[in-house]
Amino acid sequence: MDDFALQDALLAGESCIRLAAFAGVFAIMVSWELLQPRRVQSIGRGIRWPSNLGIVLIDTLVVRVLFPTAAVGFAMLAERRGWGLFNLLGLRWWLTVPLAVVILDLAIYFQHVVFHAVPALWRLHRMHHADLEFDVTTGIRFHPVEVVLSMLIKLIVVTALGLPPAGVLIFEVLLNATSMFNHGNVRVSPSIDRVLRWFVVTPDMHRVHHSIDARETNSNFGFNLPWWDRLFGTYRSQPAAGHDAMTIGIEQFRDPRELRLDRMLLQPWRDEVGHYPLGYRESEG
């Protein structure tokens, strides 16, 4: 089987690989949350989960319509046409695959910071933060417009650098899995967490990012690798109020009715932008 045939097989199986990984990790995290919850939730799953899972379905349909081959397909096209830095340099796969995972993770970190820094982009991203509880479904709750913009950014990085299809697929699977993991309402012993957060973003580390306190919201931007927050000075080890007492969410959209799918979709165009964007303050008076 030649390289193009292998690529065609990879592209054909991409959806199945991602779906299987999603279903497996989701099932594990739900079971873990039921057995060892980190926080007592005041708003039940029956109120939040239909909308959070509904937004996943919408996001998936939008991406598949606008980008039928997704990022993996663009990586294959770039490889066949010789586009991008890695393809021009002719680097070996054992170097480009892990580099692709690290580079894409760094790109997602900077994208995340930018979506907090630019008020118009924060309006889109804040739907993710407006969840009033923090669990596995929070990690897959993103506005469709943000998902489309994120995919466009990813395609630019993939094409410009000529990232290998296998590396892109591995990153996509890892990002989805770690997002569900680090948003999990699960208990990890402090001794394990202290070690684990040097290698992957843990639930206790990322929960800080979902604090109602803007200083904590604008920290711990990493989704997969934890190194970027430490390197760029955005790391915060613990919430000031403690994990049990901290308030999840943002100052707007505190009414549980805002957890309805229709209201979630309209949140970017409602209410003031607030004081969460980095360096941004509403004018007074």
Could you grab the pairs with beta carbons closer than 8 Å, sequence gap of 6+ or different chains, first residue in segment 42-70 and touching a residue at least 60 places away in the same chain (Cβ under 8 Å) and hydroxyl-bearing (Ser, Thr, Tyr), second one part of a helix (DSSP H, G or I) and buried (at least 17 other Cβ atoms within 10 Å of the Cβ)?
-> SER51/LEU259; SER51/MET264
Filter segment 164-208 for residues that are in contact with a Lys or Arg (Cβ under 7 Å, 6 or more places away or on another chain) and outside any helix (DSSP H, G or I); which is surrounded by the fewest Cβ atoms within 10 Å (Cβ to Cβ)?
-> ARG187
Only one of PHE232, PHE223 is within 30 Å of VAL173 (Cβ to Cβ), at pLDDT below 95 and surrounded by 13 or more Cβ atoms within 10 Å (Cβ to Cβ); which?
-> PHE223
Please specify each residue of segment 234-251 satisfying the condition of being out of contact with any strand residue (DSSP E or B) (no Cβ under 6 Å at 6 or more places or on another chain) and over 14 Å from GLU133 (Cα atoms).
-> THR234, TYR235, ARG236, SER237, GLN238, ALA240, ALA241, GLY242
Candidate set from segment 247-273 (those that are in a loop (DSSP other than H, G, I, E, B) and open to solvent by less than 10 Å² (accessible area, probe 1.4 Å)); member that is modelled with the lowest pLDDT = VAL273
Give just the number: which of (1) of a type outside the set (Gly, Ala, Ser); (2) open to solvent by 20 Å² or more (accessible area, probe 1.4 Å); (3) in contact with an Asp or Glu (Cβ under 7 Å, 6 or more places away or on another chain) does PRO119 not satisfy?
-> (3)
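The values are calculated or read from the model by the stated rules, or taken from the named source; none is laboratory data. All figures in this text were calculated on a predicted structure; none of them were measured in a lab. Neighbour counts run over all protein chains shown; Cβ positions are idealised from the backbone, glycine included. Surface areas here come from the heavy atoms of the whole protein model, side chains and all, with no ligands, DNA or RNA. Shrake-Rupley method; radii C 1.70, N 1.55, O 1.52, S 1.80 Å.
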